[in-house]
1. Collect the residues in segment A:1-16 that are part of a helix (DSSP H, G or I) and loosely packed, with under 13 Cβ neighbours inside 10 Å, keeping them in residue-number order.
2. Which one of these does A:LYS41 not meet: (1) surrounded by fewer than 10 Cβ atoms within 10 Å (Cβ to Cβ); (2) farther than 30 Å from B:ASN75 by Cβ; (3) within 14 Å of chain B (Cβ to nearest Cβ); (4) of a type in the set (Lys, Arg)?
3. Can you tell me which residue in segment A:50-93 is farthest from A:TRP3 (Cα to Cα), limited to those that are hydroxyl-bearing (Ser, Thr, Tyr) and surrounded by 16 or more Cβ atoms within 10 Å (Cβ to Cβ)?
4. Tell me which residues, restricted to segment B:59-73, are touching a strand residue (DSSP E or B) at 6+ places or on another chain (Cβ under 8 Å), facing chain A (nearest Cβ under 9 Å) and either assigned to a helix (DSSP H, G or I) or not hydroxyl-bearing (Ser, Thr, Tyr) (or both).
5. So which residues in segment A:21-37 are of a type outside the set (D, E, K, R), at the interface with chain B (Cβ under 7 Å from one of its Cβ atoms) and under 16 Å from B:GLN57 (Cα atoms), if there are any at all?
6. If I filter segment B:74-81 for residues that are in contact with a Lys or Arg (Cβ under 9 Å, 6 or more places away or on another chain), in contact (Cβ under 8 Å) with a residue 60 or more places away in the chain and either in a helix (DSSP H, G or I) or surrounded by 10 or more Cβ atoms within 10 Å (Cβ to Cβ) (or both), do I get at least one hit?
7. Hey, can you tell me all the residues within segment A:57-72 that are out of contact with any Gly (no Cβ under 8 Å at 6 or more places or on another chain) and more than 7 Å from chain B (Cβ to nearest Cβ)?
8. Is there a residue in segment A:44-53 that is within 14 Å of another protein chain (Cβ to nearest Cβ), of a type outside the set (Val, Ile, Thr) and in contact (Cβ under 8 Å) with a residue 24 or more places away in the chain?
Amino acid sequence: MPWFSESWRRLRALGRRRQIDADLEEELRLHMELRAEQQVKAGAASDEALYAAERSLGNRILLKETGRDVWRWVSLETFLQDVRYGARMLRKSPVFTLVAVASLALGIGANTAIFGLVDRILLKSLPVRNPDELRLVLWTGHSRIPMHGGSGYSPILYGVQAHSSFSYAMCKLLAGSVS
Amino acid sequence: MTEYDEIPPGTLYIHILILKTRAHGGEVHGFEIASSIQQATEEVPQVEEGSLYPALQRMLLKGWLTAEWGVTAGNRRTRYYRLTKVGRKQLEIELSQFERVNRAIMGVIQTA
């Protein structure tokens with residue numbers, strides 16, 4: 001993945017801007033000096049030779065800039081600048097920061113709590129095997145018919161008493177028909 | 001100011017890449033590259049010598065080369081460049097690209 005390793009190299013260069021600059025500077029200066037020495041050996045005056053070497057090398061400042069710009073990652077650099085700017089602004093007005101952070105915390109907290117509840121009630125299935133096979137069975141009948149009341153909960157359904165539990169015999173019958 | 005005849009754009013990479021494959025021990029520094037480009041082209045098509053260095057940076061970024069600081073025969077500190085496997089492959093790509101463009105240009109010249 002060439003783009004990946006290129007990004008990685010660019011990322012590592014982010015913190016080494018000064019080093020890259022210094023390296024280029026040293027490299028260019030050595031080039032100039034070696035070229036000048038070569039010309040001195042060929043019989044040129046030394047200051048003349050250095051001047052000529054500087055000319056043939058080209059615009060050193062521009063070269064250094066071009067060499068450094070190769071490593072730039074403009075979008076990431078602007079993003080980091082924005083982050084730094086934001087942090088500075090927040091530090092400048094601590095009360096505003098506090099209010100903003102507190103309201104965010106409250107908002108996130110409340111949302112998490114409500115979602116947790118909904119998740120527990122609506123989204124997560126019951127802790128049994130094959131929960132989709134569970135059925136709610138309502139047994140309707142007269143309130144005078146003796147049924148196991150359980151918790152005593154017996155709502156009125158279509159004008160008749162609805163019971164949420166069965167007698168032992170009924171339970172046996174149901175269990176037998178299911179299994 | 002002297003007008004420089006320029007090395008055709010894009011061929012600077014080829015020069016550098018070829019140099020690396022021939023270099024002793026696979027390592028060369030910037031001045032060696034500049035000097036042999038000058039010799040190889042008999043000083044006619046000159047490139048502004050310094051433009052070699054940004055090109056080297058670009059090649060480092062692309063991963064065609066690696067660089068390491070070392071000491072020259074004259075006991076001077078400088079950066080040595082070495083061709084990578086990616087760089088070797090890139091040389092083939094650059095060469096075939098150059099050939100294609102060259103053929104196209106020759107075709108135009110001959111029909112004219």
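1. Step one: list which residues in segment A:1-16 are part of a helix (DSSP H, G or I), which gives A:2-14.
Within segment A:1-16, A:PRO2, A:TRP3, A:PHE4, A:TRP8, A:LEU11, A:ARG12 qualify.
2. The single condition A:LYS41 does not satisfy is (2).
3. In the first step, residues of segment A:50-93 are kept if they are hydroxyl-bearing (Ser, Thr, Tyr); the result is A:51, A:56, A:66, A:75, A:78, A:85, A:93.
Within this subset, residues satisfying the condition of being surrounded by 16 or more Cβ atoms within 10 Å (Cβ to Cβ) are A:56, A:66.
On the way: A:SER56: 35, A:THR66: 21 Å.
Once the filter is applied, the top-ranked residue is A:SER56.
4. Of the residues in segment B:59-73, the ones touching a strand residue (DSSP E or B) at 6+ places or on another chain (Cβ under 8 Å) are B:59-60, B:64-72.
Within this subset, residues satisfying the condition of being facing chain A (nearest Cβ under 9 Å) are B:60, B:67, B:69, B:72.
The answer is B:LEU60, B:ALA67, B:TRP69.
5. Our first condition is that a residue be of a type outside the set (D, E, K, R); within segment A:21-37, this holds for A:22, A:24, A:28, A:30-32, A:34, A:36.
Then keep just the ones that are at the interface with chain B (Cβ under 7 Å from one of its Cβ atoms); that gives A:24, A:28, A:30-31, A:34.
Result: A:LEU24, A:LEU28, A:HIS31.
6. Filtering segment B:74-81 down to residues in contact with a Lys or Arg (Cβ under 9 Å, 6 or more places away or on another chain) leaves B:81.
Restricting the remaining residues to those that are in contact (Cβ under 8 Å) with a residue 60 or more places away in the chain gives B:81.
With either in a helix (DSSP H, G or I) or surrounded by 10 or more Cβ atoms within 10 Å (Cβ to Cβ) (or both) added as a condition, the list becomes B:81.
Yes: one or more hits.
7. First pass over segment A:57-72, keeping only residues out of contact with any Gly (no Cβ under 8 Å at 6 or more places or on another chain): A:61-62, A:64-72.
Once the filter is applied, which keeps residues that are out of contact with any Gly (no Cβ under 8 Å at 6 or more places or on another chain) and more than 7 Å from chain B (Cβ to nearest Cβ), segment A:57-72 yields A:ILE61, A:LEU62, A:LYS64, A:GLU65, A:ARG68, A:ASP69, A:ARG72.
8. Looking through segment A:44-53, none of the residues is within 14 Å of another protein chain (Cβ to nearest Cβ), of a type outside the set (Val, Ile, Thr) and in contact (Cβ under 8 Å) with a residue 24 or more places away in the chain.
The values are calculated or read from the model by the stated rules, or taken from the named source; none is laboratory data. Since this is a predicted model, take the numbers as computed values, not measurements. Please note: Cβ atoms are built from the backbone with ideal geometry, for glycine as well, and neighbour counts cover all protein chains shown.
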